[in-house]
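Worksheet: the structure to be examined is printed underneath.
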Amino acid sequence: MPLDPQVIKVMEQVAALGLPAAYTVSPAHARANAKLRPRSPGPEVAKVEDRAIPGPDGDVPVRIYTPEGDGPFPILAWYHGGGWVVGDLDSADGTARNLCVGGQCLVVSVDYRLAPDTKFPGPAEDCWSATTWAVDNASSINADPSRLAVGGDSAGGNLAAGIALMAADRGGPEIALQLLVYPVTDVNFTTVSYGENAEGYSLTKTTMEWYWDQYLSGKEDATNPYAVPMQANSLAGQPAALVITAEYDPLRDEGEAYAKRLEEAGVETTATRYDGVIHGFFSMGAVDKGQQAVDEASAALRTAFARSGAPSAAD
């Protein structure tokens, strides 16, 4: 399918900013430039609170979004994208608000430490700490610890898949859904989608190679499934998954390959490719298919939460 006209308009707006490619500048400069990109505001929610929670090497900032209603609410731990190098709570704000309202859940957005200042496993362990903190302190944030989902976009999708693997290895918490939006799942730059979309569609092959170089300390990290989920020996018993991919995205094939592996392992998995769109479309409020994907994700969250949790007195 040709590029969606709404996507083309967003790409033109970003191009007009004249920002250099991330790999051509310092990580600090790349972060500053990322803040200049247009962002779509999300809807109003009942409450937004910034907190600092204990992490593996100091406090981890989180932003907690609470929907309207009485609660206790299900929890979505959300990890932002940005190649593990850029991105923050503000860049994730619109998406977190959308999922809070649409998923009817409390969203804990995690401001994990960034590479290359903190390489793997630091960012992943920050996400683990924030996720387990939300479960362990659920009563203090009006949340239901028995209904938990994890999710993220791009590098955040990579972290979400890694957290699901960690939870299986570390004895919980139980996860109702892993929401993986165009996730990074492999260190493989030879896929068809990398060949088709190496240049010209926002995220480039060269940028992804640079991101991986910033995140991993060495070749041994590339064999660790918490960093590279496709390295997992088995995906049996993993949480149900919704994997969203974009047609014009270098990461398309690895996201779909991970979904296929999950399905083959007996995991309830939905894989949806959105045609005519690029990496990042999920957070583009001006793109109808972005809202469609958010709606699909929200419905998947509501369904997963409805099926999980502690039995009621009537059960």
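The values are calculated or read from the model by the stated rules, or taken from the named source; none is laboratory data. Fair warning: this is a prediction, and the values are worked out from it, not measured in the lab. Glycine also receives a Cβ, built like all others from the backbone with ideal geometry; neighbour counts cover every protein chain displayed.
Counted as qualifying within the stretch 46-96 are the strands (runs of 3 or more DSSP E) with 2 or more residues that are within 25 Å of ASP213 (Cα to Cα), namely 58-66, 73-79. Collect the residues in the stretch 257-284 that are over 15 Å from the mean Cα position of the chain (by Cα), assigned to a helix (DSSP H, G or I), under 14 Å from LEU180 (Cβ atoms) and not hydrophobic (A, V, I, L, M, F, W, C), keeping them in residue-number order. Matches in the stretch 257-284: LYS260, ARG261, GLU263. Taking every residue in the stretch 281-298 that is in contact (Cβ under 8 Å) with a residue 12 or more places away in the chain and pairing it with any residue that is aromatic (Phe, Trp, Tyr), at least 6 positions away or on another chain, the pairs with Cβ-Cβ distances below 6 Å are VAL287/PHE281; LYS289/TYR274; GLY290/PHE281; GLY290/PHE282; ALA293/TYR274; ALA293/PHE282. Just a yes or no: is a residue in the stretch 100-117 over 13 Å from the mean Cα position of the chain (by Cα), modelled with pLDDT of 95 or more, among the acidic types (Asp, Glu) and under 26 Å from HIS279 (Cα atoms)? Among the residues of the stretch 100-117, at least one is over 13 Å from the mean Cα position of the chain (by Cα), modelled with pLDDT of 95 or more, among the acidic types (Asp, Glu) and under 26 Å from HIS279 (Cα atoms), which makes the answer yes.
Any residue at all in the stretch 265-280 that's buried (at least 24 other Cβ atoms within 10 Å of the Cβ) and aliphatic (A, V, I, L, M)? Looking through the stretch 265-280, at least one residue is buried (at least 24 other Cβ atoms within 10 Å of the Cβ) and aliphatic (A, V, I, L, M). Of the listed requirements (1) more than 16 Å from LEU180 (Cα to Cα); (2) part of a loop (DSSP other than H, G, I, E, B), PRO239 misses just one: (1). Considering only residues in the stretch 172-196 that are among the polar types (S, T, N, Q) and in contact (Cβ under 8 Å) with a residue 60 or more places away in the chain, the one that is surrounded by the most Cβ atoms within 10 Å (Cβ to Cβ) turns out to be GLN178.
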